[in-house]
Amino acid sequence: MKRSLILSLAVIAVMPLFASAADVYFVDNDHSTVSFKVRHLVANVPGRFLDYSANLALEPADLTKSTVEFTVHAASINTDNADRDKHLRSEDFFFVEKYPTLSFKSEKIVKRSADTFDVTGTLTMRGVAKKITVPVEFGGYLKDPWGNEKAGFSTDFTVNRKDFGINWNKALDQGGLVLGEDVKISLSLELNKKK
């Protein structure tokens, strides 16, 4: 009985070692971008976030078993216009003092082709959490000249900012509004495998 108990405890102790063959990757910020576009009057105006991080546990044999957690620091928004960026950080938009981060956490990954996947998860922005599905293209694995093991992913998708409580707008005298509601988001991520 005692030997059986010890054996059971030993099995439980080593199970986490075999529970997952996932490799952990983090973002190489020098070779990645997190950007967006939103319509202003008659043109799409671009912007980006400069401070972000990710934790990806990738299952090499089956990427659908991987997990993704992504965090963006809202105050790092940059549209190359200081006054506009100040407004975007204010309560009218991201309200960074109260909601300092945007985040995404995956729940399910479905393979669509050899290198495309639908990733479903929860996007949280300005305190509002919504489930979304984004199309992701896998760029492959590679070892760089310095021996770092790399992986790459990219995605383009659209969200309605009003779904996340970002409602500010201004009516035009001749009709219409200053800002569009749809925000086109683009991520291109180069990742380093954690050693």
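Only the coordinates and a few stated rules stand behind these numbers; no lab work does. This structure is a prediction, so every number in the text was calculated from the model and none was measured. Every residue, glycine as well, gets a Cβ built from its backbone with ideal geometry; the counts of neighbours run over all protein chains shown.
Quick check on the exposure proxy: order Leu187, Leu177 from fewest to most C-beta atoms within 10 angstrom.
Ranked by crowding around the Cβ, least crowded first: Leu177, Leu187.
Can you give the FRET efficiency to the nearest 0.05 for Val42 and Ala75, using r as the Cβ-Cβ distance and R₀ = 41 Å? Numbers along the way, then the final one.
Numbers: r = 29 Å, r/R0 = 0.71.
Between Val42 and Ala75 the formula returns 0.90.
Can you list the aspartates and glutamates whose alpha carbon is less than 15 Å from that of Lys65, not counting same-chain residues fewer than 8 positions off?
Hits, sequence-local ones excluded: Asp23, Glu107, Asp115, Asp118.
List the chymotrypsin sites (Phe, Trp or Tyr not before Pro) within segment 122-195 that DSSP assigns to loop and that have no more than 10 neighbouring Cβ atoms inside 10 Å.
Working: sites: Phe138, Tyr141, Trp146, Phe153, Phe157, Phe164, Trp168; in loops: Trp146, Trp168.
Passing both the DSSP loop test and the Cβ count: Trp146.
Provide the gained length on full extension for the span Asp28 to Lys131, in nm with one decimal, where the gain is 0.36 nm per separating residue minus the Cα-Cα distance.
Values: separation 103, 0.36 × 103 = 37.08 nm, distance 2.64 nm.
Between Asp28 and Lys131, full extension yields an extra 34.4 nm.
At 7 Å along the Cα-to-beta-carbon direction for both Gln174 and Phe157, put a label point, then send me their distance in nm to one decimal.
Computed distance between label sites Gln174 and Phe157 equals 3.7 nm.
Report P(r) for segment 21-193: all Cα-Cα distances, bin width 10 Å, range 0 to the bin holding the largest distance, values in whole percent.
Computed distribution, short to long bins: 9, 36, 32, 17, 5, 1.
Would you calculate a helix-derived [θ] at 222 nm for the chain, using -39,500 (n - 2.57) for each DSSP H run of n ≥ 4 and dividing by the full residue count, to the nearest 500?
Roughly -4000 deg cm²/dmol at 222 nm, from the helical runs in the chain.
Short version: what are the Cα gyration tensor semi-axes of segment 145-195, square root of 5 times each eigenvalue, largest first, in whole Å?
40, 11, 8
Restricting attention to segment 61-113, which trypsin sites (Lys or Arg not before Pro) occupy a DSSP loop and are surrounded by at most 12 other Cβ atoms within 10 Å?
Working: sites: Lys65, Arg84, Lys86, Arg89, Lys98, Lys105, Lys108, Lys111, Arg112; in loops: Lys98, Arg112.
Hits after loop and neighbour filter: Lys98, Arg112.
Once R0 is set to 22 Å, what does the formula 1/(1 + (r/R0)^6) return for the Cβ-Cβ distance between Asp83 and Leu50, expressed as a FRET efficiency to the nearest 0.05?
My answer for the efficiency is 0.80.
Could you pull out the pairs from Lys162/Lys193; Lys86/Lys150; Lys86/Lys131; Lys86/Lys193; Lys98/Lys143; Lys37/Lys195 whose alpha carbons sit more than 31 Å apart here? The partial results should precede the final answer.
Values: Lys162/Lys193 36 Å; Lys86/Lys150 35 Å; Lys86/Lys131 29 Å; Lys86/Lys193 35 Å; Lys98/Lys143 41 Å; Lys37/Lys195 35 Å.
In this structure, Lys162/Lys193; Lys86/Lys150; Lys86/Lys193; Lys98/Lys143; Lys37/Lys195 exceed 31 Å between Cα atoms.
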